[in-house]
1. State the number of residues belonging to the range 65-88 that are in contact with a helix residue (DSSP H, G or I) (Cβ under 7 Å, 6 or more places away or on another chain), surrounded by 16 or more Cβ atoms within 10 Å (Cβ to Cβ) and of a type in the set (A, V, I, L, M, F, W, C).
2. Please specify each residue of the range 186-226 satisfying the condition of being open to solvent by 40 Å² or more (accessible area, probe 1.4 Å) and within 13 Å of the ligand (Cβ to nearest atom).
3. From Phe124, Phe116, which residue is surrounded by fewer than 22 Cβ atoms within 10 Å (Cβ to Cβ) and over 25 Å from Leu194 (Cβ atoms)?
4. Only residues that are over 20 Å from Leu93 (Cα atoms), open to solvent by less than 40 Å² (accessible area, probe 1.4 Å) and not in a helix (DSSP H, G or I): list them for the range 26-64, please.
5. Search the range 191-221 for residues being in a helix (DSSP H, G or I) and touching an Asp or Glu at 6+ places or on another chain (Cβ under 8 Å), and hand back the single one that is farthest from Arg111 (Cα to Cα).
6. Please work out which one of (1) away from the ligand (no atom under 15 Å from the Cβ); (2) in contact with a Gly (Cβ under 7 Å, 6 or more places away or on another chain); (3) within 19 Å of Phe116 (Cα to Cα) is the condition Ala268 fails and give its number.
7. Among the candidates Asp160, Asp173, which residue alone is assigned to a loop (DSSP other than H, G, I, E, B), within 27 Å of Ile29 (Cα to Cα) and charged (D, E, K, R)?
Amino acid sequence: MPHEEGQLNILSLFPGEIDVLPVYRRKQIFAWLGKKGARSFEEMTDLPKTLRSELAERYSLSVPKELERQISADGTQKIMWGLVDGERVETALMRYKHGYSVCLSTQAGCRQGCAFCASGSHGFSRNLTAGEILGQAIYCGVEYGHAVLMGTGEPLDNFDETVRFIKLVSHPDGRNLGVRHVSLSTCGDVPGILKLAELGLPVTLSVSLHAPDDETRNHIMPVNRKYPISQLLEACGKYFEKTARRISYEYVIIDGLNDSPVQARRLASLLRGTPAHVNVIPYNPVPGKPFRAPGQDTIRRFMRELAGLQATVRRTLGSDIMAACGQMRSNRQC
Ligand code: SAH
């Protein structure tokens, strides 16, 4: 487990790893963190004082520092956090009829370099620890019913910490969020998908497909040169075999690039007969990028061509505060 500066962050630990006695106290401490959102050991008032100071000596409790919170006209919120080493990451809170979803970052920056996305434009700084991923959820200030790993970063490129986060947030003694209420979005890291499949966790897998043919996909997503579409879909098939979870494919629709009826038909024939849901996401503008969303008519036409597939157009949330898909970390100070 990577250490943050100095002591180990207790937010990264499972109850059994919290090295204190008597053993029953571990569960209690874990609940103070994951369930009650304690910000300090002193707050854990039902622990003996000696135990609290022992904890403080042994561990840090790295509460991320809320540097800024923006609230969109549609109720979406975006929080910018300062981490222990001064890195900055963002979290979005999306409000739906059924409650909030918290959209978490797994890395500071991103290595993938997708042409249309803001998250990689300023490079990659480092992986987040499980405690840093969890901290975004614990201290976000709203009750959430879903956690989506769709903020900055490629979660499967930070595999161990991401999986640890999923197990922490779903731990019955902590937040106890159903694993089915966790979605993980990947650009298409095939070995990562296969590794995740082996774990058999019923996480909803979202795959950023964005193009129905290798030529277009190579052009916008470098990962495709390593793992072309056929390999990606094969891995998705294995994921379904192991988890029985239908795959959600994201398709960011971009004017003149991947929005033609021919491409829609190709997409349909690629996914027809597989357990898939397609989420078409109108491109959210990113300053300095030469892309834009197609007009409504083009999107409607594209959707018509997907007849037979389960497909929906994703509502854009939070674009006025640059919290929408692909807009995080577009601001240089982050
Ligand atoms: N690295 C992971 C997690 C990021 S999820 C992944 O690639 O899936 C964020 C989603 O938003 C991805 O599907 C990403 O491709 C998409 N996205 C990126 N830039 C976007 C933009 N400008 N408009 C709409 N969606 C975008």
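1. 2
2. Pro222
3. None of the other options fit; the residue is Phe116.
4. If the condition is that a residue be over 20 Å from Leu93 (Cα atoms), open to solvent by less than 40 Å² (accessible area, probe 1.4 Å) and not in a helix (DSSP H, G or I), then Ala38, Ser40, Phe41, Met44, Leu47, Tyr59, Ser60, Leu61, Ser62 are the ones that fit.
5. Ala197
6. It fails just one condition, (3).
7. Asp173
Residues are listed down the side, and each one gets a yes or a no for (1) within 13 Å of the ligand (Cβ to nearest atom); (2) outside the structural domain of Val286 (by TED's automatic domain parsing); (3) in contact with a Lys or Arg (Cβ under 8 Å, 6 or more places away or on another chain):
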| position | (1), (2), (3) |
| --- | --- |
| Gly99 | no, no, no |
| Gly113 | yes, no, no |
| Ile138 | no, no, yes |
| His146 | no, no, no |
| Leu149 | yes, no, no |
| Val169 | no, no, yes |
| Ser183 | yes, no, no |
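The values are calculated or read from the model by the stated rules, or taken from the named source; none is laboratory data. Note that the coordinates shown come from a computational prediction; the quantities given were computed from them, not determined experimentally. Methodologically, a virtual Cβ is constructed for each residue, glycine included, from the backbone with ideal geometry; neighbour enumeration extends over all protein chains shown. Please note that ligands, DNA and RNA were not included when accessible areas were found on the heavy atoms of the full protein model with its side chains. Shrake-Rupley method; radii C 1.70, N 1.55, O 1.52, S 1.80 Å.
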